[in-house]
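Working notes, beginning with the structure itself.
The values are calculated or read from the model by the stated rules, or taken from the named source; none is laboratory data. Worth saying up front: this structure is predicted, and the values here are computed from it rather than measured. Cβ coordinates were reconstructed from backbone atoms using ideal geometry, including for glycine residues, and neighbour counts include every protein chain displayed.
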Amino acid sequence: MDVADETVALVAKHCGLQLEMYQRCVTDNPENWDMKCITQKRALAKCSEDNVPIIKHVKEMCDPFIREYDACVMQNQVDPSVCLEPLKRLFYCTEEHGKLRPGGPPRPEAASTPASTASASAAQAGVDSAAYGYRRGTSA
């Protein structure tokens, strides 16, 4: 099982009710699900972040790229295809930070050590010339 499958399985295990409620809302509101299902989406995102450590880790590490992509999509709702570069930057960030290490994502105290900080800075510097993403709060 790869990291994505493992993550989805953990979300389903820990947040099954929230996932079901969000899916039901989306299905029941095909024309305006993005507006009607905000409460369910937030509940699923919160549950996922609270119960699946890799999600919280990726959201923390990739926050600047998430914000950049969200801002681009909000400014370009008529033609979101102009946001491909921010989407790519977000993708590369999530690829870098979304890999499970044998012990799972780094603990906050480990992430603040000089070696970890240097490693994260180096990874982020490499990401700046790349590009990818997902909408804030929509990842589970």
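Across segment 26-58, the number of residues qualifying as aliphatic (A, V, I, L, M) and over 15 Å from Val11 (Cα atoms) comes to 3. Helices (runs of 4 or more DSSP H) fully within segment 35-136 that include at least 2 residues being at pLDDT 90 or above, exposed (fewer than 12 other Cβ atoms within 10 Å of the Cβ) and not assigned by TED's automatic domain parsing to the domain that holds Ala4: 63-75. Taking every residue in segment 9-37 that is within 23 Å of Val52 (Cβ to Cβ) and pairing it with any residue that is among the aromatic types (Phe, Trp, Tyr) and modelled with pLDDT of 95 or more, at least 6 positions away or on another chain, the pairs with Cβ-Cβ distances below 8 Å are Cys37/Tyr22.
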